[in-house]
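What follows draws every value from the coordinates through simple rules; no lab data is involved. What you are looking at is a predicted structure, and each value in this text was computed from that prediction instead of being measured. Ideal geometry is used to build each Cβ from the backbone, glycine not excepted, and the neighbour counts take in all protein chains shown.
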Amino acid sequence: MCAEEHYDIGSNTPHGGEVPLVPIVQVYAADAFGVSFPPGCDLLQVLWCPFDHGEFCYPLPQVHWRDSRAVGPVKATPAAPADAPRDYVPSPCVVHPEQVAEYPSWDLPEDLRKGLRDRFDQLERETGWLYWYHLADAPGIKLGGYPGWTQEPVWPDCAACGRRMDHLLTVASWEYDGESWRTWLPVEDREVVDGQETHRGEEGLAAHAAAGLMLGDAGGVYIFECRSCPDRPIGHWFDCS
Ligand SMILES: [Zn+2]
Ligand SMILES: [Zn+2]
């Protein structure tokens, strides 16, 4: 349950009372290649409160690491609050995790950016791929890698130890943007968008926005954690177009 101060979407109207959280991601360590699980835990669960919070107005996430062997009888998942904005309540999806290599885009240091500019230009001339768009960091909902920023990076620092937090999860509104599906969409999903001018067909939409979320203007919620502190405090941020 979320007992924080929350607001109806796009308004200053307080939404009173405690609100049941909605599930965002559940993944087992065996399926989450490269994700650092705390010792003794093999299950990651992320939930959020589907109303606006704070100055920047976004759903408030919670992260739970568990040992699945210690999980007893599981109660039924409570229904999302009837008045929760649909844009903040993800449609149920099954995930088929795939590990990909990423390189920094917004997070590329300025000197490297300048040093690599000619090579990026050459790459574009020879292949048509734009480094930032087609090759650097994956769009869509993802664990690990670089946050899928829409604006300048805002990495939170850990309040306990002062260290910059690590990126855990990006929850994006879309799985890809424009033509970036050509490099980032999983192979098995490409048939449904290949050859289509848009992703607006029913199958294309299912690949483009499988979770049915819309966070601000096609933005994302970024969830961070401090892996230096034993209790792994979390941080979060939101941006959009
Ligand atoms: Zn809340
Ligand atoms: Zn810390």
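Please identify which residues in segment 17-49 have an amide N closer than 19 Å to a label point set 7 Å out from the Cα of Met1, following the Cα→Cβ vector.
17-23, 47-49
Starting from the amide H of Ile9, placed 1.01 Å from N in the peptide plane, find each other amide H under 5 Å away whose residue is 5 or more places distant or on another chain.
Correct list: Asp52.
Reported to two decimal places, what Rg/Rh ratio describes segment 116-241 when computed on Cα atoms with Rh from the Kirkwood expression?
1.04
What ranking of Met165, Met1 emerges when the number of other C-beta atoms within 10 Å of each C-beta is taken as an exposure proxy, fewest first?
Ascending number of Cβ neighbours within 10 Å: Met1, Met165.
Can you pull the one-decimal nm distance between simple spin-label points at Arg119 and Arg227, each 7 Å off the Cα toward Cβ?
So the label points at Arg119 and Arg227 sit 2.5 nm apart.
What are the principal axis extents of the Cα atoms in the chain, in Å, biggest first?
56, 45, 41
Which of Thr77, Thr170 comes first, and how do the rest follow, when ranked by fewest Cβ neighbours within 10 Å?
Thr77, Thr170
In Å and from the alpha-carbon atoms only, list the Rg and Dmax of segment 111-177.
My reading of the Cα-based Rg and Dmax gives 15.0, 48 Å.
Any chance you could give the angle, 0 to 90 degrees and rounded to 10, that helix 110-127 forms with the longest Cα principal axis of the chain?
In the chain, helix 110-127 runs at an angle near 60 degrees to the longest axis.
With the convex hull built on the Cα atoms of segment 1-103, state its orientation-averaged projected area in nm².
8.7 nm²
About the Cα centre of the chain, how large is the charge dipole given +1 on each Lys and Arg Cβ and -1 on each Asp and Glu Cβ? Please answer in debye to the nearest 20.
My answer is approximately 660 debye.
At 222 nm, what helix-only mean residue ellipticity would the chain give, in deg cm²/dmol to the nearest 500, using -39500 (n - 2.57) for each DSSP H run of four or more?
The per-residue figure over the chain is -3500 deg cm²/dmol.
For labels at Tyr103 and Ala70 in the simple 7 Å Cα→Cβ model, what's the distance in nm?
Modelled inter-label distance: 4.2 nm.
Among Pro39, Trp149, Gly162, flag the residue with its Cα farthest along the positive direction of the charge dipole of the chain, charges on Cβ as +1 for Lys/Arg and -1 for Asp/Glu.
It is Pro39.
Looking at His96, His134, Pro109, which one has the Cα that reaches farthest to the positive end of the dipole of segment 86-144 (charges on Cβ: Lys, Arg +1; Asp, Glu -1)?
Positive-end residue among those listed: His96.
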